[in-house]
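The values are calculated or read from the model by the stated rules, or taken from the named source; none is laboratory data. Keep in mind it's a predicted model, so treat the numbers as computed, not measured. Here the Cβ is made from the backbone with ideal geometry for all residues, glycine too, and neighbour counts use every protein chain on show.
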Amino acid sequence: MVRDNLVVARRWALDHPVLVVALVALVARAMVATVLNVSDTWSLAPDAGQYLAVAEASADGRIKVFWLGYGESLYRSTWAYTAQIAALFEIFGPFRSLGQAVSVAYGALTAAATTSLALRVVRRPFALGAGLIVALAPSQVLWSSVALRESLVWAVLAIVGLILLRVKPTSNQRSVLIVVAWLGLAYLALVHLRNQTAFLMLWSAACALAISPGNRLARVSLAVLFLIAVPWSVGRSIADLEFLSRSAGRLGTVRTYMAMEAETAIVAPELYLPDSSRNGTSVLDAGGGVATVVPSGTVVRKSTVEPLDGQTPSSTSTTLVVRAEGDQVDAVSTTTAHVGVLDRTIEESEAGQKFVIDLEGRAVSVHNDLSANLSAFPRGLVAVSIRPFPWEEWTSSRRFMASAESVFWLPLIIAAGAGIWCRRRELAVIAFPALLAVTVLVSGAVTHGNLGTAFRHRGQILWALAVLASAGLQWWVDRRKIGEDQ
């Protein structure tokens with residue numbers, strides 16, 4: 001009787017894989033969200049409080065004065081997500097569960113979209129498995145059970161994969177233009193979620209569109225149109241090249257800021273100790289009553305605010321001079337308090353060495369040259385793809401859970417690589433998830449400075465790896481069957 005029921009349940013699941021995965025994902029996330037809400041647990045995702053706070057401020061009409069210089073910038077840069085929570089707060093009131101509900105819904109949507117995409121690549125049992133990976137992966141469940149933008153980022157990327165599948169060899173120009181329009185909306189959403197991901201999606205989708213089957217000249221022309229028209233329509237440069245130019249010269253800056261004060265820094269920040277005839281430090285007021293400690297004898301001849309995410313800084317930093325004469329120290333500072341959410345202030349010494357000031361007032365060297373980026377790449381790639389390892393020291397429950405899940409990432413990546421190889425002739429299906437997975441890992445390797453950020457951003461490509469890995473697994477199973485038959 002039990003066996004018969006299991007057979008019936010399995011058959012029903014295989015007949016309705018998208019629905020089954022969506023329900024499993026929804027139930028898992030709803031349960032975790034309820035537990036976190038009832039127990040008032042914030043430690044597993046402390047950043048969630050920021051999104052709830054700015055959404056509440058927006059709903060109350062005080063976003064311009066809330067968390068001056070930072071709150072409005074955070075709201076604008078994550079508008080596609082926080083505006084939804086703000087709208088719910090206006091209607092029902094500022095309840096944490098509303099923000100969680102938004103994330104839960106997008107988490108379930110991501111799992112369902114993954115299954116739907118996998119059905120175009122592999123047979124139903126393997127597509128069901130791909131969807132369940134996304135539905136039940138601990139990090140995916142957790143980050144889509146709290147008020148974080150992550151699940152909406154995943155959902156948009158997975159939907160882009162589905163949109164590109166509409167481009168077929170027989171598609172006419174009108175159909176492809178409709179696809180480009182939908183891709184434009186997805187890009188617009190990502191611009192207001194995470195600019196770095198928007199850039200990677202833009203180029204990955206354009207390349208996938210260009211190499212899709214059919215009239216190659218028409219596809220390439222539409223891909224070029226996509227690169228030019230879509231960013232321009234939202235006020236960005238053609239092909240988002242301005243963002244690329246700004247970011248390429250500041251990769252070391254991003255790594256340094258992410259590593260500072262982080263327990264899981266991938267590379268420990270290097271303190272800047274300039275040559276000086278005097279030892280010791282000088283203390284100055286860096287604005288807002290904050291004491292900054294810099295090496296005695298240092299002359300900071302330039303202090304600039306470099307917006308990394310295409311945003312206009314909400315304030316600026318000007319010349320800062322520290323001069324030691326005998327026992328007297330003169331300090332002049334006109335640094336203002338806050339800048340945009342992703343802006344980074346860079347100081348430069350008289351010798352031309354760039355550095356930043358950490359929360360303890362120490363000068364930390366910044367290296368943005370090519371050699372520094374190349375040396376950071378191998379360690380960064382390992383960190384962004386498969387760390388933390390289970391044998392590393394567990395300093396927190398979050399790191400323990402991350403290390404437990406990391407065990408499955410290396411086999412998943414290997415299976416995904418096999419899937420890319422065995423389905424390499426079906427570019428229309430595997431091009432976008434493969435390109436996105438590679439670009440996210442490569443860009444993360446030279447930008448992420450700590451394991452926490454690297455691990456969270458890795459979640460952006462789990463849906464893509466699950467689809468590609470299902471293709472690799474199906475290929476391996478089929479080859480084994482052929483070998484057994486022989």
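Filtering Ala181, Ala206, Ala239, Ala210 for residues that are small (Gly, Ala, Ser), under 15 Å from Phe432 (Cβ atoms) and surrounded by fewer than 20 Cβ atoms within 10 Å (Cβ to Cβ) leaves a single hit, Ala210. Would you confirm whether or not the range 259-279 contains a residue that is modelled with pLDDT under 50, farther than 15 Å from Lys354 by Cβ, assigned by TED's automatic domain parsing to the domain that holds Ile346 and touching an Asp or Glu at 6+ places or on another chain (Cβ under 7 Å)? No, that holds for no residue. Residues in the range 59-68 include at least one that is modelled with pLDDT of 90 or more, assigned to a helix (DSSP H, G or I), surrounded by 13 or more Cβ atoms within 10 Å (Cβ to Cβ) and out of contact with any Cys (no Cβ under 8 Å at 6 or more places or on another chain). Pairs meeting the criteria (first residue in the range 55-68 and touching a residue at least 60 places away in the same chain (Cβ under 8 Å), second residue surrounded by fewer than 19 Cβ atoms within 10 Å (Cβ to Cβ), beta carbons under 7 Å, at least 6 apart or on different chains) are Leu68/His338. Of the set (1) farther than 30 Å from Gly235 by Cβ; (2) of a type in the set (A, V, I, L, M, F, W, C); (3) at pLDDT below 95, all apply to Val179 but (1).
The set of residues in the range 247-266 that are touching a residue at least 12 places away in the same chain (Cβ under 8 Å) and either closer than 15 Å to Val180 by Cβ or not in a loop (DSSP other than H, G, I, E, B) (or both) comprises Ser247, Leu251, Gly252, Thr253, Val254, Arg255, Thr256, Tyr257, Met258, Ala259, Ala265.
Return yes when Val442 is within 28 Å of Val156 (Cβ to Cβ) and in contact with a Lys or Arg (Cβ under 7 Å, 6 or more places away or on another chain) and no when it is not. So Val442 does not fit the description; no.
For every residue, the table says whether it meets (1) surrounded by 12 or more Cβ atoms within 10 Å (Cβ to Cβ); (2) closer than 27 Å to Ser73 by Cα.
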site: His16; (1), (2): yes, no
site: Leu23; (1), (2): yes, no
site: Leu26; (1), (2): yes, no
site: Met31; (1), (2): yes, no
site: Ser39; (1), (2): no, no
site: Trp42; (1), (2): yes, yes
site: Ala45; (1), (2): yes, yes
site: Leu52; (1), (2): yes, yes
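Could you list all residues from the range 413-429 that are at pLDDT below 90 and among the β-branched types (Val, Ile, Thr)? The one that is at pLDDT below 90 and among the β-branched types (Val, Ile, Thr): Val429.
Matching residues to (1) at pLDDT below 95; (2) polar (S, T, N, Q); (3) assigned to a helix (DSSP H, G or I):
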| residue | (1), (2), (3) |
| --- | --- |
| Ile85 | no, no, yes |
| Leu88 | no, no, yes |
| Val102 | no, no, yes |
| Tyr106 | no, no, yes |
| Leu109 | no, no, yes |
| Ala113 | no, no, yes |
| Ser116 | no, yes, yes |
| Val122 | yes, no, no |
| Ala127 | no, no, yes |
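The combined condition, being within 24 Å of the chain's Cα centre (by Cα), modelled with pLDDT under 95, in a loop (DSSP other than H, G, I, E, B) and at negative phi, is fulfilled by Ser43.
The combined condition, being surrounded by 24 or more Cβ atoms within 10 Å (Cβ to Cβ) and part of a helix (DSSP H, G or I), is not fulfilled by Ile482. So is Leu109 crowded, with 20+ Cβ neighbours inside 10 Å and not β-branched (Val, Ile, Thr) or not? Here the answer is yes, as Leu109 does meet what is asked. Listed by first and then second residue, the pairs linking a residue in the range 228-246 that is assigned to a loop (DSSP other than H, G, I, E, B) to a residue that is exposed (fewer than 15 other Cβ atoms within 10 Å of the Cβ), with Cβ atoms under 9 Å apart and 6 or more places separating them unless they lie on different chains, are Arg236/Glu242; Ser237/Leu244; Ser237/Ser245.
When restricted to residues that are in contact with a helix residue (DSSP H, G or I) (Cβ under 6 Å, 6 or more places away or on another chain) and within 14 Å of Phe199 (Cβ to Cβ), the range 243-257 contains 3. Going through the range 387-441 one residue at a time, which ones are surrounded by 18 or more Cβ atoms within 10 Å (Cβ to Cβ) and assigned to a loop (DSSP other than H, G, I, E, B)? Correct list: Arg387, Pro388, Arg423. Residue count for the range 69-83 satisfying the condition of being outside any helix (DSSP H, G or I) and closer than 20 Å to Leu190 by Cβ: 1.
Say whether the condition of being within 20 Å of Gly107 (Cα to Cα), free of Cβ contacts under 8 Å to residues at least 60 places away in the same chain and not in a helix (DSSP H, G or I) is met by at least one residue in the range 19-39. No - not one qualifying residue is present in the range 19-39.
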